[in-house]
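Notes for the one structure printed next.
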Amino acid sequence: AAGVIQSPRHLIKEKRETATLKCYPIPRHDTVYWYQQGPGQDPQFLISFYEKMQSDKGSIPDRFSAQQFSDYHSELNMSSLELGDSALYFCASSLSRSEAFFGQGTRLTVV
Amino acid sequence: EDQVTQSPEALRLQEGESSSLNCSYTVSGLRGLFWYRQDPGKGPEFLFTLYSAGEEKEKERLKATLTKKESFLHITAPKPEDSATYLCAVQARAGGTSYGKLTFGQGTILTVHP
């Protein structure tokens, strides 16, 4: 069965650089979520989209933005990167806000 | 503000030694409670959804139950391959400020020794 695909899997950036993370949800899923997970931490909700419209916003820094495109893929844009942004970033998708299925994540390292 | 508290933080079991993980929650109208398994460096893997008090779900050696205040994940005769972090998450009903998003607990790190 198709799963949530995230790219890239690993990303190394320097401070103050910009990063773009991509997410391809499970086909026909209408909701996309972005989560950030630091070492030893639980996933923290960043932002979600329902039918390509932003539906909920969590603790997402102003330096971050996200959007969902007409083909339902989503991108998380992160600017002015800081060391503290180093984390695993997960995308998840669901159908009508039912159980969410997660991708394998993007490991972002800021040096 | 939705809150989820999981206990214990870590649990070490011998193979075959059954036990339970706890997930206590407060939410402005529960739409669903979700259990996930997470292996190091990987994305959470969906296990169960529970929607109403009294509901139970089973999958192999795992059984999840739900009351109005907490959920339990029972592990029967665990094997070393069950070692992982188990995450509990809640989702609020429509109309609340947090509709849709999942609020996670800190997880229980389960280690099963052979």
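Within region A:68-85, the set of residues being of a type in the set (G, A, S), part of a loop (DSSP other than H, G, I, E, B) and surrounded by 13 or more Cβ atoms within 10 Å (Cβ to Cβ) comprises A:S79, A:S80.
Per this entry, A:F49 is not counted among residues that are within 27 Å of B:Q6 (Cβ to Cβ) and either buried (at least 17 other Cβ atoms within 10 Å of the Cβ) or modelled with pLDDT of 95 or more (or both).
Here's the yes/no breakdown for (1) within 11 Å of another protein chain (Cβ to nearest Cβ); (2) of a type in the set (K, R); (3) touching a Phe, Trp or Tyr at 6+ places or on another chain (Cβ under 8 Å); (4) farther than 30 Å from A:L11 by Cα:
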position	(1), (2), (3), (4)
B:P8	no, no, no, yes
B:L11	no, no, no, yes
B:G16	no, no, no, yes
B:G29	no, no, no, yes
B:Y36	yes, no, yes, no
B:G41	yes, no, no, no
B:E45	yes, no, yes, no
B:F48	yes, no, yes, yes
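With the condition kept exactly as written, say whether any residue in region B:70-85 is surrounded by 14 or more Cβ atoms within 10 Å (Cβ to Cβ), touching a strand residue (DSSP E or B) at 6+ places or on another chain (Cβ under 9 Å), within 10 Å of another protein chain (Cβ to nearest Cβ) and closer than 28 Å to B:E15 by Cβ. Yes. Counting only strands (runs of 3 or more DSSP E) that sit completely within region B:1-67, those holding 2 or more residues that are among the charged types (D, E, K, R) correspond to B:30-38, B:56-59. Apart from one condition, A:L21 fits all of (1) away from chain B (no Cβ under 11 Å); (2) assigned to a loop (DSSP other than H, G, I, E, B); (3) in contact with a Phe, Trp or Tyr (Cβ under 9 Å, 6 or more places away or on another chain); the exception is (2).
Inside region A:10-30, can you point out the residues that are over 12 Å from the mean Cα position of the chain (by Cα) and not hydrophobic (A, V, I, L, M, F, W, C)?
A:H10, A:K13, A:E14, A:K15, A:R16, A:E17, A:T18, A:P27, A:R28, A:H29, A:D30
Looking across region A:43-67, the residues that are over 19 Å from B:R93 (Cα atoms) and in a loop (DSSP other than H, G, I, E, B) come down to A:P43, A:K52, A:S59, A:I60, A:P61, A:D62, A:R63.
When each of A:S48, A:S59, A:S94, A:S80 is tested for being within 11 Å of the chain's Cα centre (by Cα), of a type in the set (S, T, Y) and either away from chain B (no Cβ under 14 Å) or closer than 15 Å to A:Y35 by Cβ (or both), the lone residue that passes is A:S48.
The values are calculated or read from the model by the stated rules, or taken from the named source; none is laboratory data. Small disclaimer: the values here were computed from a predicted structure and weren't measured. Here the Cβ is made from the backbone with ideal geometry for all residues, glycine too, and neighbour counts use every protein chain on show.
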